[in-house]
Amino acid sequence: MASNNLKAPVNIPVEKIHPFEGHPYKVLDNDEMNNLIESIQNKGVISPIVVRPLENTIDEYEIISGHRRLRASVKAGLETVPALIYAVSRDEAAIMLVDSNLHREHILPSEKAFALKLKMDAMSRQGQRTDLTSTQVGRKLETAEIIGKQINESKNTVRRYIRLTYLIPELLEMMDEDKIAFSVGVELSFLDEQMQYDLLRIIEEQDCTPSYSQAWHMHRDFNSGTLTAESIEDRLMAEKPNQKAMFKLPLEQVQKFYPNANKQQLEDYVMKACEYYKRALQRQRSRNSRDAR
């Protein structure tokens, strides 16, 4: 960080602070946001947001860390928020933004994908690499390895996450909702936009999603130039190994009773609720039987 960074927080008018353009993390008006608004109303902003001066402006700033805190502050009616100002370049800010959020407990595949791409692009422009190659491909490959070591992932995993940024928004949202597996999303990302929209239409019409094998074959057929909307539908309608009838329930309906739980925790919650209800019915039948005697 530059030596002229301010060390103490200053209060900045909220209208002078702008979101980081293209930042990958979603700011949702959910229960967590409501809790944050209530906390700010009662205690103020405990942890200052982090910003940088916007180039070619007077007293205008771009958020590095604290998009949720700023939104909550605005909703809480605050006119200013405390902020730490760092005089850094946009690429330095992008890396700081990603690093400050990447280890959160709950991070969606789409958020991680675009975060890693943002950091990859920033580091590549900075030339942060250890290899001696001069090609763009060489830089990106080495940068993926550096990022992987920083987040305890392989360079291939970093590249696979970044592949997800080639998915159309609708398929990426299905990944965020656990309707499409990570490995499936990676394979589908190699299809062009039109083929992805053809696939989306068929998914919605037939109420089904592709398996990894089906997605792999679509990727292969697309590369060979033989993939069509008809072949996508034929492949998707083929019975999958170990295919079983599924009971589907909108995730948000269950999350009302168990906020912030992951998919496995929600499944366990539903199963335990069913078991409890079954035992309650058995007790009621037993009482009714005794009363009828």
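Here the condition is being modelled with pLDDT of 95 or more and either in a helix (DSSP H, G or I) or not charged (D, E, K, R) (or both); of LEU199, LEU236, it holds for LEU199 alone. PRO48 falls short on exactly one of the conditions (1) in contact with a Pro (Cβ under 7 Å, 6 or more places away or on another chain); (2) surrounded by fewer than 19 Cβ atoms within 10 Å (Cβ to Cβ), and that condition is (2). When TYR25 is tested against (1) assigned to a loop (DSSP other than H, G, I, E, B); (2) out of contact with any His (no Cβ under 7 Å at 6 or more places or on another chain), just one condition goes unmet, and that condition is (2). Of all residues in segment 184-196, none satisfies the criterion of being of a type in the set (Ser, Thr, Tyr) and either on the phi > 0 side of the Ramachandran plot or not in a loop (DSSP other than H, G, I, E, B) (or both). One residue stands out among those in segment 146-202 that are within 22 Å of GLY225 (Cα to Cα) and of a type in the set (D, E, K, R): the one that is surrounded by the fewest Cβ atoms within 10 Å (Cβ to Cβ), which is GLU193. Taking segment 102-118 as the range and being closer than 11 Å to LYS26 by Cβ and either surrounded by fewer than 20 Cβ atoms within 10 Å (Cβ to Cβ) or not small (Gly, Ala, Ser) (or both) as the test, the residues that pass are HIS106, ILE107, LEU108, GLU111, PHE114. Within segment 89-120, restricting attention to residues that are part of a helix (DSSP H, G or I), among the aliphatic types (A, V, I, L, M) and free of Cβ contacts under 8 Å to residues at least 60 places away in the same chain, the residue that is farthest from ASN260 (Cα to Cα) is MET120. Of all residue pairs spaced 6 or more apart or on separate chains, those with beta-carbon atoms under 7 Å, a first member in segment 261-285 that is free of Cβ contacts under 8 Å to residues at least 12 places away in the same chain and a second member that is in a helix (DSSP H, G or I) are ALA261/GLN255; ALA261/TYR269.
Considering only segment 188-207, I want to know if a residue exists there that is in contact with a Leu (Cβ under 8 Å, 6 or more places away or on another chain) and of a type in the set (Phe, Trp, Tyr). Looking through segment 188-207, none of the residues is in contact with a Leu (Cβ under 8 Å, 6 or more places away or on another chain) and of a type in the set (Phe, Trp, Tyr). The selection criterion, being on the phi < 0 side of the Ramachandran plot and not in a loop (DSSP other than H, G, I, E, B), does not hold for LEU78. Residues that are assigned to a helix (DSSP H, G or I) and within 22 Å of the chain's Cα centre (by Cα) were ranked within segment 205-221; the one that is surrounded by the fewest Cβ atoms within 10 Å (Cβ to Cβ) is TYR212. The residue that is farthest from MET218 (Cα to Cα), among those in segment 166-181 that are part of a helix (DSSP H, G or I) and in contact with a Leu (Cβ under 8 Å, 6 or more places away or on another chain), is ASP176.
Looking only at residues in segment 268-293 that are modelled with pLDDT of 75 or more and of a type in the set (D, E, K, R), the one that is nearest to PRO109 (Cα to Cα) is LYS272.
The values are calculated or read from the model by the stated rules, or taken from the named source; none is laboratory data. None of the values given here were measured: they were computed from a predicted structure. Note: ideal-geometry Cβ built from the backbone for every residue, glycine included; neighbour counts use all protein chains shown.
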